[in-house]
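Contents: one structure, followed by commentary.
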Amino acid sequence: MKLIKAQNLFFLVSILLLLNLGYSSILDLWWMFDDAQHLKLVAITDLDVFTKKASEVGYIPANFTPWMFLNYWIDLKIFGLNPLGAFYHQLLSLSFTVISVFLLLSRITTPIVATLTVVYFFFTPVAHTVIHILCTRHYLEGLGYVSLGFLFFLKYRESGLLKFLFLSSVLSFIAFLNKEIYVSALGIVFCVSFFDYIEKRKISCLIPVLVYVSITLLYLVYRSYVLGWDNLLRGYGSVIDHGGSIEIYRYLVEIIKFNDLLPVFLFMLFSAVYYLAHLIKVHGLYAALKFCAYITTILICVLVPIYKVMPTANVNHNYIFLSTFTFIGMSFFLIYKVSEIKKSAFVKLFFLTSFCAIAYYQHYFTLPKATLNVQNNSMDIFKRFKVEGEYLLYSKDSTSHYILSPIGAPWHHSGLIDLRKIYLGNVDGPQVCYNICECKDIDSVYVYQNGVLLAPQQNQFECKSE
């Protein structure tokens, strides 16, 4: 047993070193996308997101993600407006999630399979995207908390000790507070408990169901109080022109295409068919039915909460974060089960070599094509966020100075300007204009070029009003 624990520790430390070194470049990033608005909210309201209604706190009553705001509150309290601390925190969140996922996977597979799964997933473009963006940290941490929740649920099934079930429910509830997509994951617990009851005929097998139904109801009441009953199931908001069931197909294609998972998909199909045939032949129809029920439950739990926003998954890639992890996790698990059927060393070596090759391809050929990498190479977005953002936040220039069409959405720019006023107490400062005709003094307009802000000569711009 000691050897197994030491082996697990070796693999885990290796993964943590590899991923933290691989993503250490995020320490050079600055506030981007929705960060400024979230910082502004916690600067004004502290942690009122946990106790007051969304309409009172001042955020859109569509998504209930208080744990995300807790993260921003911690960063603001400890590090102020210095994003370096927030990105160290991001690496810490990554490490927490890696540890949680590895501990869960190594309990149901082997340390090698768990290692391959974790490394492979966290080098996919979707994981790369989530790790680089602070305002998607709740997707990352939610996976960590729900994984720990499942780990303690397995401990409860083995030991029968209620303390493990209690820990599982608490951790799962925290996952809910990160992102609502993790609520549906409890369907897997219900499925496991149902088959436990069928096989053991003990009422005690249904105790987890009662516990998880209770915390789910508690979450729904809490969510309804904060967002309002009308927004209970609103989730991500409304999506126009939803294509119906065809969106499921498009969504799955997006997962495969964005992360270049076609080889994994083919391996998974082969492994699923082979393993199902083995179950029918050796263990009978009940075992095959149980296997299909587990697979179906997992797919439903992952796809149902994301159904409304499937048409926008190609833009908001965080929407495929959990489903990509599930897809890869199921693939590696099925391949592991198939390799266990054939005890020959050749079969094990074949699967291990194949997936090492695929993981290598993923890291060196797919990851460079990740959206943020491509955008940064073509537009210098990471440095531009920093240069323009620092000017808006800290510059002593007056309100007659402008940045013309800075990178990011208007709410990013307005958030930085509001933070300058609210947090730094500097009311006077540069502004933003999106059309040269909106700028009062063309000589005081700055534009980003080659890593710096340039003040253009007057004849470089001309307002041509219609």
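The values are calculated or read from the model by the stated rules, or taken from the named source; none is laboratory data. These figures come from a predicted structure and were not determined experimentally. Cβ placement follows ideal geometry from the backbone for every residue including glycine, while neighbour counts extend to all protein chains displayed. Protein only, heavy atoms only, side chains kept; ligands, DNA and RNA dropped before computing areas. Shrake-Rupley method; radii C 1.70, N 1.55, O 1.52, S 1.80 Å.
Entry note, region 204-341: relative contact order of 33 percent, from Cα contacts under 8 Å with a spacing of 6+ residues. Each residue of region 363-371 is assigned a 3J(HN,Hα), and the resulting list reads 6, 8, 10, 8, 4, x, 8, 4, 3 Hz, derived from the Karplus form 6.51 cos²θ - 1.76 cosθ + 1.60 (θ = phi - 60°), x at Gly and Pro.
Run through the DSSP bridge list for the chain and note the antiparallel percent, rounded to the nearest 5.
So the antiparallel bridges amount to about 40 percent of the total.
Rolling a 1.4 Å probe over the heavy atoms of the protein chains gives region 175-304 an accessible area of 54 Å² per residue. Residues with beta-carbon under 13 Å from that of Ser95, excluding Ser95: net charge, scoring Lys, Arg +1 and Asp, Glu -1? For residues surrounding Ser95, the net value is 0. Of Lys53/Lys179; Lys52/Lys163; Lys163/Lys202; Lys5/Lys202; Lys52/Lys179, which sit over 23 Å apart, Cα to Cα? Too far apart for the 23 Å limit: Lys52/Lys163; Lys5/Lys202.
Note that region 344-465 presents 56 Å² accessible area per residue, ligands and nucleic acids not counted, probe 1.4 Å. Projecting the Cα atoms of Ala455, Pro311, Gly329 onto the dipole axis of the chain, where Lys and Arg carry +1 and Asp and Glu carry -1 at the beta carbon, places Gly329 farthest toward the positive end. On C-alpha positions alone, give me the angle between the axis of helix 410-422 and the longest principal axis of the chain, in degrees, nearest 10. Approximately 70 degrees, to the nearest 10. Taken about its Cα centre, the chain carries a charge dipole of about 2280 debye when Lys and Arg each add +1 at the Cβ and Asp and Glu each add -1 at the Cβ. Here the accessible area of the chain is 65 percent carbon and sulfur, with a 1.4 angstrom probe and all protein chains present.
Considering only protein heavy atoms, with the full assembly of protein chains and a 1.4 angstrom probe, order Trp30, Trp73, Trp411 by accessible area, largest first.
Trp411, Trp73, Trp30
Remark on Val432: its backbone amide H falls under 5 Å from those of Ile403, a criterion applied only to residues 5 or more positions apart or on other chains, H modelled at 1.01 Å from N. Once P(r) over Cα pairs in 20 Å bins from 0, in percent is calculated for the structure shown, the corresponding label among [x] 21, 55, 23, 1; [y] 25, 61, 14, 0; [z] 21, 53, 22, 4, 0 turns out to be [z]. Only helices enter the 222 nm calculation for the chain: every DSSP H run of n ≥ 4 contributes -39,500 (n - 2.57), and dividing by all residues gives -21500 deg cm²/dmol, rounded to 500. With respect to the chain, whose longest principal axis is taken over its alpha-carbon atoms, helix 262-282 is tilted by about 20°.
Excluding same-chain neighbours fewer than eight residues apart, the aspartates and glutamates reachable from Lys386 by a Cα-Cα span under 19 Å are Asp28, Asp34, Asp35, Asp75, Asp397, Asp418. Once the Cα-Cα distance is subtracted from the 0.36 nm per residue extended length, the Ala62 to Asn314 segment shows a gain of 88.7 nm.
Helix 186-200 and the longest principal axis of the C-alpha atoms of the chain enclose an angle of approximately 10°.
Please name whichever of Ile442, Asn377, Ser398 sits farthest to the positive end of the charge dipole of region 344-465, dipole taken about the Cα centre and charges placed at Cβ: Lys and Arg +1, Asp and Glu -1. So the residue furthest toward the plus end is Asn377.
Take the Cα of Asp46, step 7 Å along the line toward its Cβ, and report every residue of region 171-201 whose backbone nitrogen sits under 15 Å from that point. What the label zone holds, given the 15 Å backbone N cut-off, is no residue at all. Simple spin-label estimate for Lys440 and Lys369 gives 5.0 nm between the two label positions (7 Å along the Cα-to-Cβ direction from each Cα).
With θ taken as phi - 60° and the Karplus curve 6.51 cos²θ - 1.76 cosθ + 1.60 applied, the whole-hertz 3J(HN,Hα) list for region 77-84 is 5, 8, 10, x, 8, 7, x, 4 Hz, x standing for glycine and proline.
Among the protein heavy atoms, those of Leu92 account for about 110 Å² of accessible surface (1.4 Å probe, every chain in place).
By the scheme Lys and Arg +1, Asp and Glu -1, what is the net charge of all other residues having a beta-carbon under 13 Å from that of Val432?
Spelling it out: positives minus negatives among the neighbours equals -2.
Using a simple spin-label model with pseudo-atoms 7 Å out from Cα toward Cβ, Tyr197 and Ala357 lie 4.7 nm apart. Taking every protein chain into account, the accessible area of region 1-88 amounts to 50 square angstrom per residue (probe 1.4 Å).
Of the peptides 143-149, 371-377, the ranking by mean beta-carbon count within 10 Å, highest at the top, reads 143-149, 371-377.
Pairs with C-alpha atoms separated by more than 28 Å, drawn from the list Lys200/Lys308; Lys200/Lys337; Lys77/Lys396, are Lys200/Lys308.
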